[in-house]
Amino acid sequence: MEYQEAKDKFISTWGSLGTLWGINKAMAQIQALLFISTKPLTTEEIMEELQISRGNTSMNVRQLIDWGIVTKELKAGERKEYFSTEKDVQELARVIAKERSRREIKPVIKTLEEISSITDDGTEKTKELIKQTKALHDLAKTADNLLDKAVNHKQNWMSNTLLKLLK
């Protein structure tokens, strides 16, 4: 396989996997392109490489910046903005896990807490709703606490966590 074919395959595959970590295909493809790039890229370079519109590029780069995995760089004497991504795979996974927790898990925990604290009117259906939502809340809270502990250990957090679980 030649470089261009391998590059295209990597970007396409990473784009398809993006939905697994909560982002759309174009966002994941932009991040993949930046990930394998040897230098920061401009909006125009990203557009050209991925054959996507300026609006699509700008919107998705902004979202990647919001996620904390893409940074904007300015070069002295140039008006263009350049973008790069985290290159350390472990750190990238840590940032993504932390952001997914903030965006997805914590809101679910809050909702389950609200639901499980409804007034118990003594009926069987209310008792069951409270019981099951409390159980889900406790499970989600435990999982989130484990994730928090893992992502707050920056150095090789994923490998270290998996090794501890396997012992």
Next on the checklist: Can you go through Thr126, Thr111 and tell me which one is among the polar types (S, T, N, Q), modelled with pLDDT of 90 or more and open to solvent by less than 40 Å² (accessible area, probe 1.4 Å)?
Outcome noted: Thr126
Checklist entry - Just for segment 81-93: of the residues that are of a type in the set (D, E, K, R) and not in a helix (DSSP H, G or I), which one is farthest from Trp21 (Cα to Cα)? => result Glu81
Checklist entry - Looking at segment 3-50, which of its residues are exposed (fewer than 15 other Cβ atoms within 10 Å of the Cβ), under 24 Å from Ser101 (Cβ atoms) and free of Cβ contacts under 8 Å to residues at least 12 places away in the same chain? => result Leu17, Thr19, Leu20
Next on the checklist: Take Ile69 and tell me if it is closer than 23 Å to Asp148 by Cα and without any contact (Cβ under 8 Å) to a residue 24 or more places away in the chain.
Outcome noted: no
Checklist entry - If you take the residues in segment 51-91 that are under 13 Å from Ala26 (Cβ atoms) and hydroxyl-bearing (Ser, Thr, Tyr), which one is least open to solvent (accessible area, probe 1.4 Å)? => result Thr57
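The values are calculated or read from the model by the stated rules, or taken from the named source; none is laboratory data. This is a predicted model, so every value here is computed, not measured. Here the Cβ is made from the backbone with ideal geometry for all residues, glycine too, and neighbour counts use every protein chain on show. Just so you know, the surface numbers come from the protein's heavy atoms only, side chains and all, with ligands and any DNA or RNA stripped out. Shrake-Rupley method; radii C 1.70, N 1.55, O 1.52, S 1.80 Å.
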